[in-house]
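One structure is given below, encoded as structure tokens.
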Protein chains: 2
Amino acid sequence: MKKHNFSSGPSILPASTIEGAANAVKEWDDFGGLSLIEVSHRSSAFVAVVDEAVQSIKELLNVPSNYDVVFLHGGASLQFCMIPYNLLKEDEKALYLDTGTWSSKAIKEAKLFGDTEVIASSKADNFNHIPTFEINNDDAISYLHITTNNTIYGTQIYQDVDTNVPLIADMSSDIFSRPVDVSKYDIIYAGAQKNLGPAGVSIAIIKQGILGKTARPIPSMLNYQTHIDKDSMFNTPPVFAIYTSLLTLRWLKENGGVEAMKDRNEAKAKLLYDEIDRHPLFEGTANKADRSKMNITFILKDKAFEEAFLALCESKGISGIKGHRSVGGFRASIYNAMSIESVQHLVNCIQEFKG
Amino acid sequence: MKKHNFSSGPSILPASTIEGAANAVKEWDDFGGLSLIEVSHRSSAFVAVVDEAVQSIKELLNVPSNYDVVFLHGGASLQFCMIPYNLLKEDEKALYLDTGTWSSKAIKEAKLFGDTEVIASSKADNFNHIPTFEINNDDAISYLHITTNNTIYGTQIYQDVDTNVPLIADMSSDIFSRPVDVSKYDIIYAGAQKNLGPAGVSIAIIKQGILGKTARPIPSMLNYQTHIDKDSMFNTPPVFAIYTSLLTLRWLKENGGVEAMKDRNEAKAKLLYDEIDRHPLFEGTANKADRSKMNITFILKDKAFEEAFLALCESKGISGIKGHRSVGGFRASIYNAMSIESVQHLVNCIQEFKG
């Protein structure tokens with residue numbers, strides 16, 4: 001039986017990505033006879049991979065020409081310290097919107113580098129909504145940092161934020177799921193392992209002219225400028241993760257790009273939320289206005305039924321549906337590669353469940 | 001025709017590693033129906049991978065019980081800043097042995113963090129030997145950093161260094177190629193992409209009790225203690241790279257471990273160096289006493305013949321033999337997975353070459 005993979009990340013990838021990645025590991029057509037993972041990253045074949053991947057990201061997100069795109073090691077967690085390392089000026093402050101576990105981790109790292117202010121937090125409500133906020137422009141502000149999608153709590157900042165301070169966004173779990181107006185951001189960054197590729201690589205989209213304005217010395221690997229200057233090849237990049245990401249980028253382009261993804265994702269999310277709202281035994285955990293279209297978090301009103309529902313899901317080939325311990329219940333991650341048929345399959349499973 | 005892959009890194013891996021990695025990307029047996037790269041790193045199946053890999057490293061290198069082993073993102077280049085970040089005390093100095101490009105890069109990062117002294121360098125001789133050195137123990141010294149194998153210049157520190165200061169070794173390009181006495185080192189670190197796995201992961205073997213002794217705040221991702229405390233799972237680890245590394249670790253254990261690798265590697269290196277020394281047109285670039293058993297660097301005495309030799313190699317299915325621009329000529333990287341038959345094939349090619 002084909003499994004329906006609702007895992008929160010690493011997570012479902014397009015079938016063409018999986019097949020292409022497996023084939024390239026076995027024998028990479030662009031490097032006859034050898035595997036993708038045993039050839040030089042400086043080979044013209046792999047340099048072409050990075051070039052095409054960067055160009056595809058620019059096309060898909062309509063990135064303005066005054067932005068650079070780089071691939072980085074280390075996942076978004078490394079960028080939690082890179083952002084303040086590169087951008088938090090010594091006589092200014094950084095603002096953070098605290099919307100969940102990943103925001104909180106980013107805030108913790110920023111505090112090591114300078115004045116860091118949490119302008120709003122929904123922590124007291126177990127992060128079940130996106131808090132409103134106002135910015136006091138009397139202060140000198142290096143940037144405002146937001147997390148656009150909160151994987152664990154199932155909330156999302158779905159519209160681009162309008163602000164007159166430099167805006168930094170962690171889009172790890174919703175990048176490429178919808179169009180964004182890149183020009184509103186100074187840096188967008190994202191770990192690959194949701195909508196792009198395997199774990200082990202992240203991307204950053206960086207506005208030109210914003211770097212080099214702090215006094216602190218920055219280690220080469222943590223300096224965005226290093227990776228811009230070296231076209232993501234300062235050191236040996238995570239070859240497999242970048243190649244696999246490229247396969248997904250090709251799939252995105254062949255399937256209508258982020259506009260089409262937006263329509264698909266909205267349809268999938270509506271299908272699932274409607275059933276959760278209709279069903280007498282279930283309820284969603286996030287405020288309706290802030291519900292994520294990537295991670296649908298829901299619970300059984302009576303926790304005693306949880307094991308039975310998980311068992312039903314498992315019997316139906318549904319994988320990765322257990323909720324994060326911070327929220328409990330269930331979480332259906334329905335990233336780009338998730339088909340509406342698989343969501344319908346889960347909806348059928350919920351409908352069938354009588355407790 | 002099967003290619004003979006002499007690439008310096010990413011580089012040749014055992015056939016069983018390539019095949020196992022490709023199969024797991026297609027469909028991971030331990031997670032029926034799903035790909036290795038689309039399942040949770042917190043799944044029991046993947047936690048077991050990390051556990052087995054760590055245990056295998058400990059067994060293969062006979063790591064004493066007072067050492068921790070972790071997998072890290074970012075390659076050895078990230079550890080160039082992590083070493084001083086974690087270990088260079090504010091009132092002490094770090095010593096570096098400068099034996100090539102990678103040492104020099106490590107030195108550059110250390111200087112950002114404090115007093116850094118190059119105790120010896122062979123730079124004036126284009127790094128063609130390992131310089132001798134003495135340590136002035138009147139100073140308070142946080143550590144001595146060495147690079148045991150110099151991929152680009154073809155030199156190697158083949159015997160464990162005896163010193164009474166804490167010893168840190170970058171073993172990126174010769175780890176698992178021979179036994180080492182781990183107890184002589186405070187930290188051994190290595191990028192995976194030579195003798196272990198694909199690019200995108202590195203390992204560190206860390207003596208207990210050496211961390212937490214500097215005053216500077218350390219970002220979580222750059223703090224070795226974070227990764228020790230979280231069993232290499234602080235954030236989403238590079239799943240594919242770790243799994244693939246495990247396959248190589250299994251191959252190492254099945255093939256006699258590092259003792260057997262040492263014998264194999266010495267035989268391969270001798271075969272190739274003997275031919276280079278015998279052949280009237282070729283010569284090695286590194287001092288004989290310091291020749292690497294991993295990367296054999298050699299030139300044609302008359303550079304005019306270079307293109308012809310490269311063409312001959314290509315016609316014989318020899319890949320990755322062109323030397324680094326810093327040395328010129330040729331470089332044959334004969335890591336663990338390289339068979340003696342492939343080395344013999346290259347030797348035949350050299351013998352056949354008449355200019």
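Kindly identify chain A as rounded, prolate or oblate by the Cα gyration tensor criterion: order the square roots of the eigenvalues as a ≥ b ≥ c, call it rounded if a/c is under 1.5, otherwise compare a/b with b/c, prolate if a/b is larger, else oblate.
Note, shape of chain A comes out oblate.
If I model a spin label as a point 7 Å beyond the Cα along the Cα-Cβ vector, how far apart are those points for A:D139 and B:D231 in nm?
Result for the modelled spin labels: 4.0 nm.
Which of the trypsin sites (Lys or Arg not before Pro) across segment A:236-329 are loop residues per DSSP, with 14 or fewer other Cβ within 10 Å?
In loop regions of segment A:236-329 (DSSP not H, G, I, E or B), the sparsely surrounded trypsin sites (Lys or Arg not before Pro) are A:K301, A:R325.
For B:K108 and A:R42, what does the FRET efficiency come to when R0 = 25 Å and r is the distance between their Cβ atoms, rounded to the nearest 0.05?
Given R0 = 25 Å and the Cβ-Cβ separation, E is 0.75.
Considering only C-alpha atoms, what is the centroid distance from segment A:100-178 to segment B:284-355, in Å?
54
Please report B:H345, A:H324, A:H73, A:H4 as a ranked list, fewest other C-beta atoms within 10 angstrom at the top and most at the bottom.
B:H345, A:H324, A:H4, A:H73
Using DSSP to define loop residues, name the GluC sites (Glu not before Pro) in segment B:1-82 whose beta-carbon has at most 15 other beta-carbon atoms within 10 Å.
B:E27
Measuring from a point 7 Å out along Cα→Cβ, what nm distances, shortest first, does A:E59 have to its partners in the other copies?
The projected label point of A:E59 is separated from its counterparts by 4.8 nm.
Within the protein assembly as shown, what percent of beta bridges assigned by DSSP are antiparallel, to the nearest 5?
Of those bridges, close to 55 percent are antiparallel.
Divide by every residue of chain B the summed helix terms, -39500 (n - 2.57) for each DSSP H run of at least 4, and state the resulting mean residue ellipticity at 222 nm, rounded to the nearest 500 deg cm²/dmol.
Only helices count here, giving -10500 deg cm²/dmol.
Could you tell me which GluC sites (Glu not before Pro) in segment B:89-166 are loop residues by DSSP with no more than 13 other beta carbons within 10 angstrom of their beta carbon?
Values: sites: B:E90, B:E92, B:E109, B:E117, B:E134; in loops: B:E90, B:E92, B:E134.
Of the GluC sites (Glu not before Pro), the ones in loops of segment B:89-166 whose Cβ has at most 13 other Cβ atoms within 10 Å are B:E90, B:E134.
Suppose every Lys and Arg Cβ carries +1 and every Asp and Glu Cβ carries -1, with no other charges. What dipole size does the protein assembly as shown come out with about its Cα centre, to the nearest 20 debye?
Details: 70 positive and 86 negative charges, 166 e Å.
My answer is approximately 800 debye.
For B:D91 and B:N66, FRET efficiency with R0 = 30 Å and r from the beta-carbon atoms, rounded to 0.05?
Efficiency for this residue pair is about 0.70.
From the label point of B:L112, set 7 Å from Cα along Cα→Cβ, how far away are the matching label points in the other copies, in nm, ordered shortest to longest?
The projected label point of B:L112 is separated from its counterparts by 1.2 nm.
How many nanometers, to one decimal and shortest first, lie between the label point of A:G209 and those of its other copies, if labels sit 7 Å from Cα toward Cβ?
5.6
For chain B, return all DSSP H helices satisfying: extent of Cα atoms along own axis at least 20 Å; mean Kyte-Doolittle hydropathy at least -0.5.
Span-like helices in chain B: B:44-60, B:239-254.
Distance cut-off 24 Å, Cα to Cα: go down the list A:K58/B:K322; A:K194/A:K268; B:K301/B:K322 and report the pairs above it.
Over 24 Å Cα-Cα: A:K58/B:K322.
Which residues does the label zone of B:S315 cover in segment B:263-288, counting backbone N under 11 Å from a point 7 Å along Cα→Cβ?
So the set is empty, nothing qualifies.
Can you pull the one-decimal nm distance between simple spin-label points at A:K303 and A:E59, each 7 Å off the Cα toward Cβ?
5.0
Read-outs: derived from the displayed coordinates by stated rules, not from any lab. From a predicted model like this one, the values you see are computed outputs, not experimental measurements. A quick note on method: Cβ atoms are made from the backbone with ideal geometry, for glycine too, and the neighbour counts reach across all protein chains shown.
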